[in-house]
1. When the range 7-39 is examined, which residues are found to be open to solvent by less than 90 Å² (accessible area, probe 1.4 Å), part of a loop (DSSP other than H, G, I, E, B) and modelled with pLDDT under 95?
2. Mind checking which pairs have a first residue in the range 133-158 that is without any contact (Cβ under 8 Å) to a residue 12 or more places away in the chain and under 14 Å from Phe110 (Cα atoms) and a second that is open to solvent by less than 40 Å² (accessible area, probe 1.4 Å) and outside any loop (DSSP other than H, G, I, E, B), Cβ under 8 Å, 6 or more apart or different chains?
3. Does at least one position in the range 144-159 carry a residue that is of a type in the set (Lys, Arg) and at pLDDT below 95?
4. State all residues of the range 97-125 that are touching a His at 6+ places or on another chain (Cβ under 8 Å) and of a type in the set (Ser, Thr, Tyr); if no residue qualifies, say none.
5. Among the residues of the range 148-171, count how many are in a loop (DSSP other than H, G, I, E, B) and either at positive phi or open to solvent by less than 20 Å² (accessible area, probe 1.4 Å) (or both).
6. Restricting the range 205-254 to residues that are part of a loop (DSSP other than H, G, I, E, B) and modelled with pLDDT of 90 or more, which is nearest to Asp165 (Cα to Cα)?
7. For the range 240-256: of the residues being charged (D, E, K, R) and within 23 Å of Asn76 (Cβ to Cβ), which is surrounded by the fewest Cβ atoms within 10 Å (Cβ to Cβ)?
8. Among the residues of the range 194-205, how many are surrounded by fewer than 18 Cβ atoms within 10 Å (Cβ to Cβ) and over 16 Å from Leu252 (Cβ atoms)?
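The values are calculated or read from the model by the stated rules, or taken from the named source; none is laboratory data. Keep in mind that what you see is a predicted model, and the values were worked out from it rather than measured. Cβ coordinates were reconstructed from backbone atoms using ideal geometry, including for glycine residues, and neighbour counts include every protein chain displayed. Accessible surface is based on the protein model in full, side chains and every heavy atom, while ligands, DNA and RNA are left aside. Shrake-Rupley method; radii C 1.70, N 1.55, O 1.52, S 1.80 Å.
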Amino acid sequence: MTKEILESDVYKELEGIQNPSLVYPDYYLNPFHAYDEGNLSWLAAAEAEAATMSMVRRAIPNASTVDEANQVVRGNWLQAIEQHHLQYSGTTMIRDILDIGCSVGVSTRFLADKFPSANVTGLDLSPHFLSVAQFKEKKIGPRKNPIKWMHANAEDTGFPPQSFDLVSVSYVFHECPERAIVNILKEAFGLLRPGGTIVVSDQSPKSKILQEMSPVLFTLLKSTEPFLDEYHLTDLEGRMEEAGFIKVQTGLTDPRHRTLTATVPC
């Protein structure tokens, strides 16, 4: 998969996606996932979807295929979104969706497939990841509502207030210092319309699998995730409430990951 991307015309997407005036936050310039350039590299972008597939398979080790594992991991996540929105958002339709930290668009495409009548935007700090996302989406073929890709900082997106009905943040916060998590939650709150839903999926500190991980493996994991300790010490539910969200719900959606959903008051 990596070779196919690196030997493709994906590089042509960069000029139309990259925002040359964007100033990267200091934490984003750290090495991540054993890449010296972090997420600002073509190799990281080319390997991202394969890494995501590997993560899903590890989460559901008994699944016979990646598709079967995705039915659990992504299926439970989408079900949590739908149930929360139906329960707490009344008649608010999901017309506009923002996927924060969309990477190469895996979660973005799941959202677009689940809500085909919605306008979906994927936002990320890496123009390389977004180039791969756009390149892959073009290969899939046209949609009724094409996905838009935005090179921007999730702490200050530039979107007008109350632009979205659903904001998703998938597997992002464990890569962020707490100050960035707080700022992203505040930004998401302002971007959502009254009755809008936020959904956050990431590692669960209460996961028995993660708690029972061998010290050697956990040390190796932390060496490629500079903010992992800070993430695990962050009271995410409390931070969401401080940002103004209500009806904060948390649940394990697979043995390794939790999904938090919350609502903007009407």
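1. Of everything in the range 7-39, those that are open to solvent by less than 90 Å² (accessible area, probe 1.4 Å), part of a loop (DSSP other than H, G, I, E, B) and modelled with pLDDT under 95 turn out to be Asn30, Pro31, His33, Ala34, Gly38, Asn39.
2. Matching pairs, first to second residue: Pro146/Glu137.
3. Yes, the range 144-159 contains a residue that is of a type in the set (Lys, Arg) and at pLDDT below 95.
4. Scanning the range 97-125 gives no hits.
5. Number of matching residues: 6.
6. The residue in question is Phe245.
7. Filtering first and then ranking leaves Lys247.
8. Of the residues in that region, 2 qualify.
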